Amino acid sequence: MSHFEEMRHFIRVVEAGSISKAADQLGVAKSGVSRRLAELESRLGVRLLNRTTRRSSLTGAGQAYYEGAVKLLSDVSELDAATAGAGASLEGTLRLAVPLSFGLSHLSPAIDEFLREHPELSINIDFSDRHIDLIGQGVDLAIRIADMRDSTLQARRICPIRLLLCASPAYLKQHGLPVVPADLKKHRILQYDIGAGPVLRLQDGQGNEYVVQARPTVVANNGDFLRDMAMAGHGIVLTPSFIAWQAMATGDLVSILPDYCPPQRSAYAVYPQNRYLSRRARLFIDFLVERFGENPYWDSSGL
């Protein structure tokens, strides 16, 4: 095994927290990881990890070696990316965590195209709206729709995400059209469950904020379901345009309170600050930024 591979295995053990978890993430036997770690320590002549039956912790020398190995592999990845031709094929496995609705509707076609360009590449994807531990789960990068200002993760913006309030024409005919944010208190609200409680936050064109205590009649953790419930006339939904765009194009949903918009978000590619980013991950992020851009296709119809 090369020194670089030894470093990658060591880094994975450190970040996974144990040899057994690292072995699972690497897809190799636990005994193999243990042997390679022992060989690395023997070659260096120093103990890098204090090992117990459940956890591994860094020694002082191990901490220094870990930080140096992460930096070195990051530099190598940067060098590979700068040197390799734009058309050079990728290989290995790219491990992703992506939100369910955005992933199935918009990332699936993008991944299909990316794999056709790089047929030797493998993809391992976790489709979920929950925020997983990237290091603990061995994920290379995640796509998150959020406000990343307070995050400890490295983040690169992929595209804007526009939020809007909408309802079916049949619902509005029966219950009336809200004219100001306070009118929402009288309406049936379909709420996406993100742990924020029954609160809608809207802003007008001057930046004034309006906080409305909503009365949710349906609460769910899936945006596609809530869109379908809105189309069926069950209430008003606050949803990203990437979920509602087709229903709005057909007239099954219409926008309401367009002068009072929720704070807008963005889709980001995120990864741990201290982890080197592989060339395959870097090129995938570049691919997504170019594909979606500042005016993604689901917003290009001017909805």
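Structural remarks
- With the charge dipole of the range 175-250 set up from +1 on Lys and Arg Cβ and -1 on Asp and Glu Cβ about the Cα centre, the Cα lying farthest toward the positive end among the listed residues GLY176, ASN221, ILE236 is that of GLY176.
- Magnitude of the charge dipole, the chain, Cβ model with Lys/Arg +1 and Asp/Glu -1, debye to 20: 920
- The share of accessible area on the chain that comes from carbon and sulfur is 49 percent, using a 1.4 angstrom probe.
- Sparsely packed trypsin sites (Lys or Arg not before Pro) within the range 116-191, loop by DSSP, other Cβ within 10 Å at most 13: ARG130, ARG149
- GNM top mover of GLY223, GLY27, GLY233 - the chain, alpha-carbon springs below 10 Å: GLY27
- Label assignment, Kirkwood radius over Cα pairs in Å derived from the structure, set [x] 20.9; [y] 22.6; [z] 22.0: [z]
- For a straight C-alpha distance cut-off of 29 angstrom, the lysines reachable from LYS71 (same-chain residues fewer than eight places away being disregarded) are LYS21, LYS30.
- Using the rule -39500 (n - 2.57) for each DSSP H run of four or more residues, divided by the residues of the chain, the 222 nm mean residue ellipticity is -11500 deg cm²/dmol.
- Taking the chain as a Gaussian network of alpha-carbon nodes connected by springs under 10 Å, the highest mean-square fluctuation of the residues ARG35, ARG12, ARG95 belongs to ARG35.
- For the range 143-277, the per residue solvent-accessible surface stands at 51 Å², with DNA, RNA and ligands left out and a 1.4 Å probe.
The values are calculated or read from the model by the stated rules, or taken from the named source; none is laboratory data. None of the values given here were measured: they were computed from a predicted structure. So basically every Cβ, Gly included, is an ideal-geometry build from the backbone, and we count neighbours across all protein chains shown. The protein model used for the area step is the full one, side chains on, heavy atoms only, and it has no ligands, DNA or RNA in it. Shrake-Rupley method; radii C 1.70, N 1.55, O 1.52, S 1.80 Å.
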